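Remarks on the structure that follows.
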Amino acid sequence: MKPAAKAVGCVQLFALKGLWLSAVFRGRGMADGSPLFAGRCAVLLTKHRKEQVIRPILEKAAGFQIIVEAGFDTDQFGAFTREISRPGSQLDAARLKAEKGMELAGTEIGIASEGSFDSHPLIPFVPWNVELVLLADQKEKLEICGRCANSETNYNHRMITSLEEAEKFARKAGFPEHWLALRPDNERHQSVLKDINTWEHLKDALRWGFAKSAVGKVFLETDMRAHANPTRMRNIQKAAEDLAEKIKQQCPQCASPGFSVTGVQKGLPCEECGCLTEEIKARVFTCKRCGFSREEKAAEREHAPAGRCQYCNP
């Protein structure tokens, strides 16, 4: 089916449903589904089965149908095994995926997921995973992004000199449910084996890597592609759930979805001395569509504990 036919067929299929949903949502406010998206089509560009956790959550939250475009090689926007560098930031890569999906499927709404792995922002030796799930609506000039950031990841790598070392690393990484990737010599070697998902395959890969190595070592790492890493897939689901919650939050001024926190105000006064602390006093909500902004109290309390005051507890 041609891209335009995909989108037209989807719209026809959901037209009556969309009219009904819109009428219902006008009376239900924050219920599942959005009148802005109801009865429309969105495309999710992924070749790593992310639709398993993204599609059911967002179809329910937004009221649109999601087309999965799996024929495009999304590694062109960056590969975790470093053959291709990511263009720009994590959000830039998600936007490129969403735009490519809309181009291929002929839709006005694109959904994309992009992940990153690094060290914890405060604890350098702890790995940190950030997942974004982006919704881009070209027609409405609207962008809403869900986010999950935590240390719940098996992200790791090691130089290996023996089968015993490899087996120890693999067990710690949750293998074989979590797949591995391997290179001879070092992390920049041009040859790489992916899709290592059985113990026999791992042994074969090690034999290949040691035979090809100039120094008798291989670089073994966790495969961070979504379909190869159940732990990462759970974080993608959490990012999709965050996006779903933002879709439900409507702007008080224009009723657009995505009215969410864009900043915070610190300065909650200390309960003992009254000096302003670094504790959050209010959260700032902003509409991405009309720009309306509103502050909301971050907590019921009016004062920060003295233990959080830099004067009372320096």
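The values are calculated or read from the model by the stated rules, or taken from the named source; none is laboratory data. As the structure is a prediction and not an experimental result, all values here were calculated from the model. Here the Cβ is made from the backbone with ideal geometry for all residues, glycine too, and neighbour counts use every protein chain on show.
Results for (1) modelled with pLDDT of 95 or more; (2) of a type outside the set (A, V, I, L, M); (3) touching a Phe, Trp or Tyr at 6+ places or on another chain (Cβ under 6 Å), shown as yes or no for each residue.
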| site | (1), (2), (3) |
| --- | --- |
| LEU206 | yes, no, no |
| ALA211 | yes, no, no |
| MET224 | yes, no, yes |
| HIS227 | yes, yes, no |
| ARG232 | yes, yes, no |
| ILE236 | yes, no, no |
| ALA239 | yes, no, no |
| CYS254 | no, yes, no |
| PHE259 | no, yes, yes |
TODO: For the stretch 256-272, indicate whether the set of residues that are loosely packed, with under 12 Cβ neighbours inside 10 Å, of a type outside the set (A, V, I, L, M) and out of contact with any Lys or Arg (no Cβ under 9 Å at 6 or more places or on another chain) is non-empty.
DONE: no
- [ ] Confirm whether GLN249 is without any contact (Cβ under 8 Å) to a residue 40 or more places away in the chain, in contact with a Phe, Trp or Tyr (Cβ under 7 Å, 6 or more places away or on another chain), not assigned by TED's automatic domain parsing to the domain that holds ALA62 and not aliphatic (A, V, I, L, M).
- [x] no
- [ ] Check the stretch 159-168 and report whether any residue there is under 25 Å from the mean Cα position of the chain (by Cα), β-branched (Val, Ile, Thr) and surrounded by fewer than 15 Cβ atoms within 10 Å (Cβ to Cβ).
- [x] no
TODO: Mind listing whichever residues of the stretch 293-314 are surrounded by 15 or more Cβ atoms within 10 Å (Cβ to Cβ) and touching a residue at least 40 places away in the same chain (Cβ under 8 Å)?
DONE: CYS312
Open item on the list: Quick check on my filter: what residues within the stretch 202-254 are β-branched (Val, Ile, Thr) and either part of a loop (DSSP other than H, G, I, E, B) or surrounded by fewer than 21 Cβ atoms within 10 Å (Cβ to Cβ) (or both)?
Closed with: VAL215, THR231
Open item on the list: Can you go through GLY106, GLY88, GLY71, GLY78 and tell me which one is touching a Ser or Thr at 6+ places or on another chain (Cβ under 7 Å), modelled with pLDDT of 90 or more and not aromatic (Phe, Trp, Tyr)?
Closed with: GLY78
Open item on the list: Residues to consider are ALA98, ALA93; find the one that is surrounded by 14 or more Cβ atoms within 10 Å (Cβ to Cβ), in contact with a Lys or Arg (Cβ under 7 Å, 6 or more places away or on another chain) and part of a helix (DSSP H, G or I).
Closed with: ALA93
Open item on the list: Considering only the stretch 61-75, I want to know if a residue exists there that is touching a helix residue (DSSP H, G or I) at 6+ places or on another chain (Cβ under 9 Å), closer than 30 Å to ALA205 by Cα, outside any loop (DSSP other than H, G, I, E, B) and of a type in the set (S, T, N, Q).
Closed with: yes
Open item on the list: Any residue at all in the stretch 135-145 that's buried (at least 16 other Cβ atoms within 10 Å of the Cβ), of a type in the set (Lys, Arg) and part of a loop (DSSP other than H, G, I, E, B)?
Closed with: no
Task: Residues located in the stretch 32-81, provided they are of a type in the set (Lys, Arg) and crowded, with 21+ Cβ neighbours inside 10 Å - done: ARG40, LYS50
Task: Which numbered condition ASP118 misses (of (1) touching a Phe, Trp or Tyr at 6+ places or on another chain (Cβ under 8 Å); (2) under 24 Å from GLN52 (Cβ atoms); (3) not small (Gly, Ala, Ser)) - done: (2)
Task: Members of the stretch 192-224 that are farther than 14 Å from ALA173 by Cα, within 30 Å of the chain's Cα centre (by Cα) and in contact (Cβ under 8 Å) with a residue 40 or more places away in the chain - done: VAL192, LYS194, PHE219
Task: Positions within the stretch 103-131 being in a loop (DSSP other than H, G, I, E, B), surrounded by fewer than 16 Cβ atoms within 10 Å (Cβ to Cβ) and in contact with a Pro (Cβ under 8 Å, 6 or more places away or on another chain), in sequence order - done: HIS120
